[in-house]
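Below is one structure, written out as structure tokens, with a few remarks after it.
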Amino acid sequence: MARAVSGISQSVETVREYCEPEGPIELAASFDELRLDVRLAYRGTPLELPDRRPSDQEIRESEDGSRRLAGFMLRRNADRVATSARAGEHTIEFHFDH
């Protein structure tokens, strides 16, 4: 649970800092004995969740280097992560095994 709380807190901070949210950031969660699923939805810039860590050079020299690093770290925190977009709303779904 501590890992999930930390990861979701970091995801909200990342969206607020790098994704220029337009309006509220919505969170929804469901939990059972086996898993915790969290859905984060917002309007703004999409957050890329790369499979590989950006290089130090990419982080320093690219406009989106810090955002990509943050996305990479969020991906590694959860057991599964998926993103989607529909009608201008971006969704990040986190799955944590219990």
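Tell me which residues, restricted to the stretch 55-86, are surrounded by 12 or more Cβ atoms within 10 Å (Cβ to Cβ), basic (Lys, Arg) and modelled with pLDDT of 90 or more. Arg80, the sole residue that qualifies.
Being more than 13 Å from the chain's Cα centre (by Cα), in a loop (DSSP other than H, G, I, E, B), at pLDDT 90 or above and over 22 Å from Gly88 (Cβ atoms): is that true of Arg52 here? It is true that Arg52 is more than 13 Å from the chain's Cα centre (by Cα), in a loop (DSSP other than H, G, I, E, B), at pLDDT 90 or above and over 22 Å from Gly88 (Cβ atoms).
Going residue by residue through the stretch 22-35, is there one that turns out to be under 13 Å from the mean Cα position of the chain (by Cα), at pLDDT below 95 and of a type in the set (A, V, I, L, M, F, W, C)? So far as the stretch 22-35 goes, no, none of its residues is under 13 Å from the mean Cα position of the chain (by Cα), at pLDDT below 95 and of a type in the set (A, V, I, L, M, F, W, C).
Annotation: of all residues in the stretch 1-14 being touching a residue at least 60 places away in the same chain (Cβ under 8 Å) and either exposed (fewer than 13 other Cβ atoms within 10 Å of the Cβ) or in contact with a strand residue (DSSP E or B) (Cβ under 7 Å, 6 or more places away or on another chain) (or both), the one that is farthest from Ala41 (Cα to Cα) is Arg3. For Thr14, state whether it is among the hydroxyl-bearing types (Ser, Thr, Tyr) and more than 16 Å from Val81 (Cα to Cα). It is false that Thr14 is among the hydroxyl-bearing types (Ser, Thr, Tyr) and more than 16 Å from Val81 (Cα to Cα).
Being in contact with a helix residue (DSSP H, G or I) (Cβ under 7 Å, 6 or more places away or on another chain), over 13 Å from Thr91 (Cβ atoms) and acidic (Asp, Glu) is the requirement here; does Glu58 meet it? Against the criterion (in contact with a helix residue (DSSP H, G or I) (Cβ under 7 Å, 6 or more places away or on another chain), over 13 Å from Thr91 (Cβ atoms) and acidic (Asp, Glu)), Glu58 qualifies. Taken over the stretch 32-49, the criterion of being out of contact with any Gly (no Cβ under 8 Å at 6 or more places or on another chain) and either free of Cβ contacts under 8 Å to residues at least 24 places away in the same chain or part of a loop (DSSP other than H, G, I, E, B) (or both) is satisfied by Asp32, Glu33, Leu34, Gly44, Thr45, Pro46.
The values are calculated or read from the model by the stated rules, or taken from the named source; none is laboratory data. Quantities reported herein were computed from a predicted structural model and do not represent experimental measurements. All Cβ positions, even for glycine, are placed from backbone atoms using ideal geometry, and neighbour counts span all protein chains on display.
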